Amino acid sequence: MSLLFSKYHYQRGVALITVMLIVALCAVIASQMTARLQVQVQRSANMTFNQQAYWYAMAAEELTKRVLVAAFEEDAEVTHLGQIWAQGETTYPVEQGKISGEITDLQSCLNLNALKATASGDEKLPASIALETLLINLQLDGVSQFEAESMVESLIDWLDENDELSGSGGAEDNDYASREFPYLAANNFLASVNELRVIANFTPAIINEIAPYVCIIPANEQHKININTIDAEQPELLQALLDSTVEEAEQILGARGEEGFDTIDDFYNLPEIIKLKLSDSIKEQFVVDSEYFTLKASTSFNNSFFAMKSVMKVTNNKYIDVISRTIGRN
């Protein structure tokens, strides 16, 4: 009788332990499921917030189109820094976030893709001469006439469609294929100024120094600089384009007024320009109207952030096409 009673209690104890183990296991599984559910809910919320931040950026793009159209309805033949698009970075509060954007003229800087045109001929074109002169005038450490020529030739070789060196300082497929991590020259347009990092003779320090003066018009070798929108704080660009002194460039930029020159002849008839006795090839670089612009937009929504760069082309002052978008701050 006592043996049977002892056995009965033993079985109850085993059953109790088994039940406790099952309950503990269920609690662990429930805890894991709850944690995973919370992660999934947060992930879904983040995706929703990021998507809303993205749509805010697209809204900034649409607003930019309206701003550009409004500006060119008032001034159909001239683009200048007194227009509504040139107000610098502007921020708008929106529900649970904000939209910030800045519009800049892509014809107020040197389009590096314009050097692709040089590759089709033996003669140096104004764009390549301007870049070489800019590199020298900026007085960068370790950049002499030879280094400046080498950088320009390397860039031309990167852009051209052949595998022939454009000069003694150039670089083609063989130069890049022999590197520790080999690659080939693009033989095509640049997509970003940052692409200079993989081109021979360019260094991060040099790229950072020239970045304010150069830009990329996607898949376009146009070299037309709007004299009305060159930054007055960066006379070195105009100095390089005119092959003048920096003081002469400052005087010219100071003479254009807030609304710039009404016609290109007004620019050429400046006493400061007449004194320089510019050749026709140099004069052909300049315009007073622009058709390429870039928007740098950054948005936020519920601690989610989104940055985008859009390049736009204006046609007939009323049709605006987005020709490229880049996600990220660079």
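The values are calculated or read from the model by the stated rules, or taken from the named source; none is laboratory data. Fair warning: this is a prediction, and the values are worked out from it, not measured in the lab. FYI the Cβ positions are ideal-geometry reconstructions off the backbone, even for glycines, and counts take in every protein chain you see.
State all residues of region 51-78 that are more than 21 Å from the chain's Cα centre (by Cα) and not hydrophobic (A, V, I, L, M, F, W, C); if no residue qualifies, say none. Listed by number, the residues that qualify are Gln51, Gln52, Arg66, Glu73, Glu74, Asp75, Glu77. Restricting attention to region 311-325, the residues being without any contact (Cβ under 8 Å) to a residue 60 or more places away in the chain and surrounded by fewer than 13 Cβ atoms within 10 Å (Cβ to Cβ) number 4.
Check whether at least one residue in region 96-104 is at negative phi and in contact with a Cys (Cβ under 7 Å, 6 or more places away or on another chain), and report yes or no. So far as region 96-104 goes, no, none of its residues is at negative phi and in contact with a Cys (Cβ under 7 Å, 6 or more places away or on another chain). If the condition is being over 30 Å from Asp157 (Cβ atoms) and of a type in the set (A, V, I, L, M, F, W, C), then region 71-121 contributes Ala71, Phe72, Ala76, Val78, Leu81, Ile84, Trp85, Ala86, Val94, Ile99, Ile103. All conditions in (1) touching a helix residue (DSSP H, G or I) at 6+ places or on another chain (Cβ under 9 Å); (2) within 14 Å of Asn111 (Cα to Cα) hold for Glu272, with the sole exception of (2).
Only one of Ser108, Ser100 is surrounded by 22 or more Cβ atoms within 10 Å (Cβ to Cβ), of a type outside the set (A, V, I, L, M), within 30 Å of Phe72 (Cα to Cα) and touching a residue at least 40 places away in the same chain (Cβ under 8 Å). Can you tell me which?
Ser108
Taking first residues from region 61-80 that are more than 13 Å from Asp105 (Cβ to Cβ) and partners that are polar (S, T, N, Q), the Cβ contacts under 6 Å between residues at least 6 apart in sequence or on separate chains come to Glu61/Ser310; Ala76/Asn317.
Residues in region 58-111 that are farther than 23 Å from Thr326 by Cβ and among the aromatic types (Phe, Trp, Tyr): Phe72 only.
Could you say which residue among Ser168, Ser108, Ser100 is touching a strand residue (DSSP E or B) at 6+ places or on another chain (Cβ under 9 Å) and assigned to a loop (DSSP other than H, G, I, E, B)? Don't jump to the end; show me each part of the working.
Numbers: Ser168 fails: touching a strand residue (DSSP E or B) at 6+ places or on another chain (Cβ under 9 Å); Ser100 fails: assigned to a loop (DSSP other than H, G, I, E, B).
After applying the criteria, what remains is Ser108.
Do the conditions hold for Glu102, that is, is it at pLDDT 95 or above, farther than 30 Å from Glu161 by Cα and among the charged types (D, E, K, R)? Answer is yes for this residue.
In the set Asn187, Asn174, Asn208, which member is part of a helix (DSSP H, G or I), under 25 Å from the mean Cα position of the chain (by Cα), surrounded by fewer than 17 Cβ atoms within 10 Å (Cβ to Cβ) and of a type in the set (S, T, N, Q)?
On the way: Asn187 fails: part of a helix (DSSP H, G or I); Asn174 fails: under 25 Å from the mean Cα position of the chain (by Cα).
Selected residue: Asn208, the only one of Asn187, Asn174, Asn208 that is part of a helix (DSSP H, G or I), under 25 Å from the mean Cα position of the chain (by Cα), surrounded by fewer than 17 Cβ atoms within 10 Å (Cβ to Cβ) and of a type in the set (S, T, N, Q).
Among residues of region 164-192 that are closer than 29 Å to Val311 by Cα, those with a beta-carbon under 6 Å from a residue that is surrounded by fewer than 15 Cβ atoms within 10 Å (Cβ to Cβ) and not small (Gly, Ala, Ser) at least six positions away or on a different chain give the pairs Leu184/Asp173; Ala185/Asp173; Asn187/Glu161.
Considering region 293-309, the residues that are in contact with a strand residue (DSSP E or B) (Cβ under 6 Å, 6 or more places away or on another chain) and among the hydroxyl-bearing types (Ser, Thr, Tyr) include one that is nearest to Gln87 (Cα to Cα), namely Thr294.
Among the residues of region 124-146, the one identified as of a type in the set (Asp, Glu) and buried (at least 17 other Cβ atoms within 10 Å of the Cβ) is Glu132.
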